[in-house]
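Input: a single structure, listed below in structure tokens.
Just so you know, all these numbers are worked out from the coordinates, no wet-lab data involved. The structure displayed is predicted, hence computed values, not measured ones. No Cβ is skipped: glycine too gets one built from the backbone with ideal geometry, and neighbour counts run over all protein chains shown.
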């Protein structure tokens with residue numbers, strides 16, 4: 001678990017959506033950046049394409065991002081992984097054709113004071129579910145799948161797998177209506193004790209900001225594909 005949990009908690013709050021923060025031109029610039037970046041991962045099983053925002057790409061957009069986001073959450077540092085050449089990775093573009101499962105993005109260094117993460121939709125159709133429940137471990141995919149849980153030899157920057165969340169938040173069954181409406185891609189047993197805080201309906205030009213300790217996942221509502229940019233901050 002993170003060593004500075006009490007300090008982290010002092011910076012936490014409810015998820016926030018800011019509309020019309022990016023102009024149509026700025027969204028086009030993000031899309032141009034995405035198209036220029038090399039593919040990092042094409043996971044055909046999950047049907048997702050991931051591209052890392054490498055430091056040598058999009059310098060103007062890096063400055064724009066910091067100016068816009070710091071105006072909302074105050075001063076922050078980017079929590080950057082490093083690419084093979086040792087340069088910073090400023091975020092992750094994900095082009096998804098299937099919903100992404102339950103997880104947290106707590107980072108990989110327990111000495112860090114994790115802060116906020118952001119999601120910028122670059123396509124209009126999609127939604128993201130933020131839960132009230134929090135977890136202060138490393139970046140983790142939460143699952144009951146025995147094959148997934150058996151994975152130990154993970155690559156650099158890859159989420160660990162865990163079922164530790166089961167029982168951590170009580171044993172109240174997850175709401176069946178909410179499961180049917182938003183989360184059909186998740187086994188309802190994997191959501192025991194969880195409570196939805198916000199369902200963010202994607203809107204191009206807006207940004208979602210929430211604490212990195214919040215459990216979250218995609219909703220099962222998707223048409224064709226969706227493309228978004230996720231970034232991670234620390235204090």
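Worth pointing out:
- Scanning segment 164-196 for residues that are closer than 22 Å to residue 107 by Cα and surrounded by fewer than 17 Cβ atoms within 10 Å (Cβ to Cβ) gives 164, 166, 168.
- All positions within segment 1-34 that are assigned to a helix (DSSP H, G or I) and touching a strand residue (DSSP E or B) at 6+ places or on another chain (Cβ under 9 Å): 8, 9, 27, 30, 31, 33, 34
- Residue count, segment 202-233 (criterion: over 14 Å from the mean Cα position of the chain (by Cα) and more than 16 Å from residue 100 (Cβ to Cβ)): 4
- Within segment 132-157, the set of residues being surrounded by 14 or more Cβ atoms within 10 Å (Cβ to Cβ), in contact with a strand residue (DSSP E or B) (Cβ under 8 Å, 6 or more places away or on another chain) and either touching a residue at least 24 places away in the same chain (Cβ under 8 Å) or within 18 Å of residue 170 (Cα to Cα) (or both) comprises 132, 133, 134, 135, 137, 138, 139, 140, 141, 142, 143, 157.
- Condition broken by residue 98, with the remaining ones in (1) outside any loop (DSSP other than H, G, I, E, B); (2) within 15 Å of residue 217 (Cα to Cα); (3) out of contact with any strand residue (DSSP E or B) (no Cβ under 6 Å at 6 or more places or on another chain) satisfied: (1)
- Candidates 115, 108, 93 - the one that is in contact with a helix residue (DSSP H, G or I) (Cβ under 6 Å, 6 or more places away or on another chain), in contact (Cβ under 8 Å) with a residue 24 or more places away in the chain and either within 28 Å of residue 144 (Cβ to Cβ) or surrounded by 12 or more Cβ atoms within 10 Å (Cβ to Cβ) (or both): 93
- Hits in segment 23-39 (condition: in contact (Cβ under 8 Å) with a residue 24 or more places away in the chain and either out of contact with any helix residue (DSSP H, G or I) (no Cβ under 7 Å at 6 or more places or on another chain) or more than 22 Å from residue 95 (Cβ to Cβ) (or both)): 23, 24, 27, 31, 34, 37
- With respect to (1) within 14 Å of residue 118 (Cα to Cα); (2) surrounded by 12 or more Cβ atoms within 10 Å (Cβ to Cβ); (3) over 17 Å from the mean Cα position of the chain (by Cα), the lone exception for residue 57 is condition (1).
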